[in-house]
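Reading through the structure tokens given below for one structure.
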């Protein structure tokens with residue numbers, strides 16, 4: 001962020017703190033702010049580095065936002081991002097939190113969603129969006145933050161685009177915990193008839209499972225073994241760092257055997273499994289039925305899994321001694337916030353992927369809770385996203 005001569009803030013992507021840049025003449029002016037684009041870097045800031053990915057430079061890829069910044073600079077920027085949200089939105093008097101750095105800075109993603117533009121077969125463009133042109137798609141060669149096993153699959157798929165659905169709208173590649181690679185093709189109309197042919201054309205078909213998902217419908221396996229793993233359910237795209245964050249979150253509950261914990265927005269049961277290992281009774285709730293079905297197959301003793309929206313079933317759940325929250329980016333449903341405010345538990349842990357909605361919810365919960373600890377985890381290197389764990393106690 002900089003300032004125009006009239007005092008308005010101007011937001012300029014792909015800059016770093018301390019940069020001296022010249023802007024292009026085409027500045028997008030608004031009443032109280034403006035948006036600009038770099039024309040040239042006159043003098044680089046101390047944290048500026050050469051981005052490792054050619055797509056970041058040549059195609060203005062919107063998947064990453066911070067490749068121009070050194071990794072230490074990225075960590076500092078994310079610490080400041082979380083701290084600013086907690087102070088400005090959450091009205092909390094806190095310092096910038098400790099930041100836990102990533103195990104890997106590149107090749108950590110176990111999922112990539114590809115956009116589609118154009119016609120059928122090889123006339124299509126399948127890839128990602130430029131950050132400044134959401135309607136455009138550039139062809140993807142390689143994504144440096146995605147696991148090499150998925151990128152190897154993508155290199156093969158690029159030569160068989162004609163075997164994908166004729167009206168393909170989106171293509172998702174995902175790696176599961178057993179190393180199987182999932183292809184999820186989304187399209188309207190008739191089911192994907194070429195799934196078996198595509199799988200047979202790949203070099204290691206035994207490791208590939210093909211799914212078809214109609215637009216606004218449920219996905220199903222069309223080629224390969226039905227493993228039970230919910231390839232369309234939410235799971236952290238950085239499993240190693242996700243586990244680091246969950247371990248710390250569970251430790252902060254300070255639970256003893258025999259206690260009862262609510263695991264709200266619990267997904268496929270990773271947090272519930274950690275809690276059950278501590279000898280506590282777990283009630284895990286998630287709205288994704290496939291995620292809950294898979295969680296039930298994990299054999300987690302002491303855990304009960306419920307497929308429902310958390311706000312719809314709170315009144316039916318047994319009273320908890322502690323609560324773990326891991327909501328989607330939009331944060332807590334207001335009914336969940338009210339329930340936790342009106343009948344507070346001794347200790348509550350909130351795992352968030354969005355500092356703004358976390359700060360909003362913490363401000364709402366501050367009526368009956370106080371913040372006792374907060375730590376940020378870098379689950380998404382090279383991007384502006386950050387995972388935060390906040391620990392609350394009943395006031």
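Data table
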| read-out | value |
| --- | --- |
| Sorted peptide list for 326-339, 182-195, 345-358, criterion being average Cβ within 10 angstrom, highest first | 345-358, 182-195, 326-339 |
| Part-to-part distance (alpha-carbon centres) for the range 213-259 and the range 314-343, which is given in Å | 20 |
| nm² value of the averaged projected area, convex hull over the Cα atoms of the range 327-369 | 2.7 |
| Full-stretch length increase - residue 105, residue 313 - with 0.36 nm per residue and alpha-carbon distance subtracted | 70.9 nm |
| Rounded FRET efficiency, nearest 0.05, which uses the C-beta distance separating residue 29 from residue 234 and R0 of 45 Å | 0.70 |
| Protection-proxy order for peptides 361-370, 199-208, each taking the mean of Cβ atoms within 10 Å per residue, highest first | 361-370, 199-208 |
| Antiparallel bridges, percent of DSSP beta bridges restricted to the range 111-223 (to nearest 5) | 75 |
| Antiparallel DSSP beta bridges within the chain, percent to nearest 5 | 60 |
| Per residue Cα convex hull volume in Å³ - calculated over the range 228-296 | 82 |
| Separation in nanometres of the label points that stand 7 Å from Cα toward Cβ, at residue 37 and residue 363 | 3.5 |
| Considering only the range 2-48, percent of DSSP beta bridges that pair antiparallel, nearest 5 | 75 |
| Unit Cα scatterers, Debye sum, the range 188-255: log10 I(q)/I(0) for q = 0.21 Å⁻¹ | -0.93 |
| Rg/Rg_globular for the range 289-395, with Rg_globular taken as 2.2 N^0.38 Å and Rg from C-alpha atoms | 1.14 |
| Sites residue 277 and residue 297, calculated FRET efficiency, Cβ-Cβ separation with R0 30 Å, nearest 0.05 | 0.95 |
| Between the range 370-395 and the range 114-139, the alpha-carbon center distance in angstrom | 34 |
| Value of D in µm² per second that Stokes-Einstein yields for the range 2-48, Kirkwood Rh from Cα pairs, at 10 °C (1.306 mPa s) | 145 |
| Normalised alpha carbon radius of gyration of the range 13-72 [divisor 2.2 N^0.38 Å] | 1.19 |
| Radius, Kirkwood style, for the range 61-129 when every pair of distinct Cα atoms is counted (Å) | 15.3 |
| Distance histogram in 5 Å bins (all Cα pairs of the range 111-223, percent per bin) | 2, 12, 24, 26, 21, 11, 3, 0 |
| Fully extended contour minus Cα-Cα distance, from residue 125 to residue 167, at 0.36 nm per residue | 13.9 nm |
| Förster radius 56 Å - calculated FRET efficiency between residue 22 and residue 372 (Cβ-Cβ, nearest 0.05) | 0.75 |
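Bear in mind these aren't lab numbers, they're just calculated from the coordinates by the rules spelled out. On a predicted model such as this, the values are computed, not experimentally measured, just so you know. We place every Cβ from the backbone using ideal geometry, glycine too, and count neighbours over all the protein chains shown.
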